[in-house]
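I have placed the structure first, in the form of structure tokens, so that the comments after it can refer back to it.
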Amino acid sequence: MTIIKEILTRLIILVFGLTIAHIGVTLFLLANLGSDPFNVLIQGLFRTLSALPGFGFLTHGYTHMSICFIIIVALLIIDRSYIKIGTLVCMLLGGPIIDVCTILFGSIINENSPYIVRIIGLVLGCIILAFGMTIVIKSESGTGPNDLVAVVISDKSHKPFSVIRIITDVCFAAIGFFLGGNAFIGTVICAFLVGPVAGFFMPFNQAWIERVVEKMK
């Protein structure tokens, strides 16, 4: 029962962190100042592939799902220990959480809000995203495929997560922009802010999560 209790505790922590992270994602999206780096990549791939013969059926959503699937398959080959039930939870709950948060915050910040409000919302969203993301990662129950890219590279290279996150985000954005994705000021802020903020929060969140799990044993 102890193992089951620990798994459930970590899953609850993951969902808590996932909710916080997607509140940040929602604020980022509502600010409407550019897509996050991973979605710039998805958008660029979608626009490039959908223009090719035989790919007319493709949508942004299908492209996103396909890339996530490719990442998961690659990780299953490289190191399957990174693929956990939380990875599936992140994929299933992310969208609905954003939908609910959009309803809650859509009247507070949107594309018609003053520019300064949108900038503040964007920066605040990136900070909240980074904070929630580190809770998800340190829950050790799995995380979303796009976040796993930086996690795995950081672990395998023994380099700081904050630095690797910046590098992966810049690569996502650069490739996506080259392929026709929309990158704007929000994309740049996200690429250079989320990694360092996540690196700052990571040890703190790891410490309290370990305390919670230990108490639940």
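The values are calculated or read from the model by the stated rules, or taken from the named source; none is laboratory data. On a predicted model such as this, the values are computed, not experimentally measured, just so you know. So basically every Cβ, Gly included, is an ideal-geometry build from the backbone, and we count neighbours across all protein chains shown. Each accessible area value is taken on the protein alone, full model and side chains, heavy atoms only, with ligands, DNA and RNA left out. Shrake-Rupley method; radii C 1.70, N 1.55, O 1.52, S 1.80 Å.
A few points about this structure:
- Residues in the stretch 1-42 that are within 15 Å of the chain's Cα centre (by Cα), charged (D, E, K, R) and assigned to a helix (DSSP H, G or I): none.
- Selection count, the stretch 75-90, where residues are more than 14 Å from Ile153 (Cα to Cα), touching a Ser or Thr at 6+ places or on another chain (Cβ under 9 Å) and in a helix (DSSP H, G or I): 5
- Selection count where residues are within 22 Å of Thr168 (Cα to Cα) and open to solvent by 70 Å² or more (accessible area, probe 1.4 Å), scope the stretch 89-116: 1
- When each of Ile109, Ile103 is tested for being modelled with pLDDT of 90 or more and in contact with a Leu (Cβ under 7 Å, 6 or more places away or on another chain), the lone residue that passes is Ile109.
- Yes/no for Ala51 being of a type in the set (Gly, Ala, Ser) and open to solvent by less than 60 Å² (accessible area, probe 1.4 Å): no
- Scan of the stretch 153-166 for residues that are of a type outside the set (D, E, K, R) and surrounded by fewer than 17 Cβ atoms within 10 Å (Cβ to Cβ), ordered by number: Ile153, Ser157, His158, Pro160, Val163
- Hits in the stretch 74-115 - residues which are farther than 15 Å from Gly142 by Cα and among the β-branched types (Val, Ile, Thr): Ile77, Ile78, Ile97, Ile98, Val100, Thr102, Ile103, Ile108, Ile109
- In the stretch 81-127, the residues that are closer than 21 Å to Phe16 by Cβ and among the hydroxyl-bearing types (Ser, Thr, Tyr): Tyr82, Thr87, Thr102
- Of the residues making up the stretch 120-151, those that are within 9 Å of the chain's Cα centre (by Cα) and closer than 23 Å to Val212 by Cα are Leu129, Ala130, Met133, Thr143, Gly144.
- Residue check for Leu30: more than 17 Å from Asp147 (Cβ to Cβ), open to solvent by less than 40 Å² (accessible area, probe 1.4 Å) and either in contact with a Ser or Thr (Cβ under 8 Å, 6 or more places away or on another chain) or in contact (Cβ under 8 Å) with a residue 12 or more places away in the chain (or both): yes
- Unique match (being over 20 Å from Leu29 (Cβ atoms) and open to solvent by less than 70 Å² (accessible area, probe 1.4 Å)) among Ile209, Ile189, Ile175: Ile209
- Thr59 touching a residue at least 60 places away in the same chain (Cβ under 8 Å) and open to solvent by 40 Å² or more (accessible area, probe 1.4 Å): no
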